[in-house]
Structures are given as C-alpha cells and as structure tokens.
Amino acid sequence: IFTDISKVKVGDIVFFDYDPDNPKDKKPIDHVGIISQVDGNRIKMIHASGGSKCSFEKYKEGKLPAKCKVKEVRYSNYWRRNTKGFGRFVGFEY
C-alpha cells in the first residue's frame with residue numbers, strides 16, 4: 001500500500017475510509033475503486049455506486065435498486081479527501 005498519488009498507474013486499487021474518526025467504525029476500508037485513466041493530475045476511476053443498499057444479498061434476491069451501478073468517475077477532491085491509500089499487484093504488468 002502506498003499514499004503518493006504521483007505514483008498512481010492505471011490498474012491500481014484505491015482504498016477509501018469515509019469516517020476514520022468514528023470509534024464505532026470497525027472497517028478501516030469502506031469502499032474501493034480501480035484507477036482507469038491517468039493523464040497528469042487528471043485521474044479517473046471505476047467504482048460501484050449506490051451505497052449500502054447495493055448488497056450481494058439484494059443482488060441474489062433480484063432486488064438490486066436501479067441506482068446501484070458500476071461507473072467511471074473523475075477522481076475529484078471528494079474522493080481525495082477520503083482516500084486511505086493505493087495498492088498495486090506486485091509483478092503484474094499493466
């Protein structure tokens with residue numbers, strides 16, 4: 001895991017923690033994305049949106065809400081504020 005955004009490459013995983021100061025939060029990582037484009041400071045990622053209503057259980061039941069989507073978004077300040085770090089598969093060529 002690394003935190004230097006200048007080292008990010010396409011295919012890297014980005015880890016998010018939306019509420020690191022919450023003592024009730026037992027999960028250090030709340031969400032993940034995959035870096036899909038890097039052009040200088042312009043970065044895009046792919047992630048699944050829709051929040052906690054988009055569970056695997058809902059998917060199996062056929063009751064997945066329409067707002068649950070996989071989409072590409074700009075890695076904006078909103079995402080940067082909540083970024084915990086980045087990860088990369090060692091020995092994997094992109």
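Roll a 1.4 Å probe over the protein chains and send me the accessible area per residue for the chain in Å². Could the numbers behind the result be given before it?
Working: 7100 Å² over 94 residues.
Here the per-residue accessible area is 76 Å².
Set Lys and Arg Cβ to +1 and Asp and Glu Cβ to -1, take the dipole of the chain about its Cα centre, and tell me which of V32, F86, I5 lies farthest positive.
Looking along the dipole axis, the top candidate is V32.
Taking the Cα centre as origin and putting +1 on Lys and Arg beta-carbons and -1 on Asp and Glu beta-carbons, what dipole magnitude results for the chain, to the nearest 20 debye?
Details: 19 positive and 12 negative charges, 67 e Å.
In debye, rounded to 20, the chain gives about 320.
Once amide H atoms are placed 1.01 Å from N in the peptide plane, what residues at a sequence separation of 5 or more from K84, or on another chain, have their amide H within under 5 Å of its amide H?
Sorted by chain and number, the residues that satisfy this are F15, F16, D17.
Need one value: the accessible area of V38 in square angstrom, 1.4 angstrom probe, rounded to the nearest 10.
60
HN-Hα J couplings of region 71-82 from phi, Karplus 6.51/-1.76/1.60, θ = phi - 60°, integer Hz, Gly and Pro as x?
After applying 6.51 cos²θ - 1.76 cosθ + 1.60, I find 8, 9, 9, 6, 7, 8, 4, 4, 6, 4, 4, 9 Hz.
Using the Karplus curve 6.51 cos²θ - 1.76 cosθ + 1.60 with θ = phi - 60°, work out ³J(HN,Hα) for each residue of region 55-63 in order, rounded to whole Hz, and write x for Gly and Pro.
These are the phi-based 3J(HN,Hα) values: 9, 5, 4, 4, 4, 4, 7, x, 10 Hz.
Name the residues whose placed amide hydrogens come within less than 5 Å of the amide hydrogen of Y75, ignoring near sequence neighbours (fewer than 5 apart) on the same chain.
Long-range HN contacts for Y75: I43, K44, M45.
How high is the relative contact order of region 1-92, in percent, with contacts defined as C-alpha pairs under 8 Å that are six or more residues apart? Mind dumping the intermediate values first?
On the way: 141 pairs, mean separation 34.3, N = 92.
For region 1-92, the relative contact order is 37 percent.
How much of the accessible area of the chain, probe 1.4 Å, is carbon plus sulfur, in whole percent?
That share works out to 54 percent.
Order the following by accessible area, largest value first: I34, I5. Probe radius 1.4 Å; ligands, DNA and RNA are ignored.
Details: I34 90, I5 60 Å².
The ordering from most to least exposed comes out as I34, I5.
Hey, which aspartates and glutamates would be in cross-link range of K84, C-alpha to C-alpha under 19 Å, not counting anything within fewer than 8 residues on its own chain?
D4, D12, D17, D19, D21, D25, D30
Could you put D21, D4, D12 in order of accessible surface area, largest first, with the 1.4 Å probe and the full protein assembly present? Display every interim value, and only then the final one.
Values: D21 135, D4 65, D12 0 Å².
Ranked list, largest accessible area first: D21, D4, D12.
The values are calculated or read from the model by the stated rules, or taken from the named source; none is laboratory data. Quick caveat: nothing in here was measured; it's all calculated off a predicted structure. Backbone-built Cβ (ideal geometry, glycine too); neighbour counts: all protein chains shown. Note: accessible area is taken over every heavy atom of the protein model, side chains too, but ligands, DNA and RNA are not part of it. Shrake-Rupley method; radii C 1.70, N 1.55, O 1.52, S 1.80 Å.
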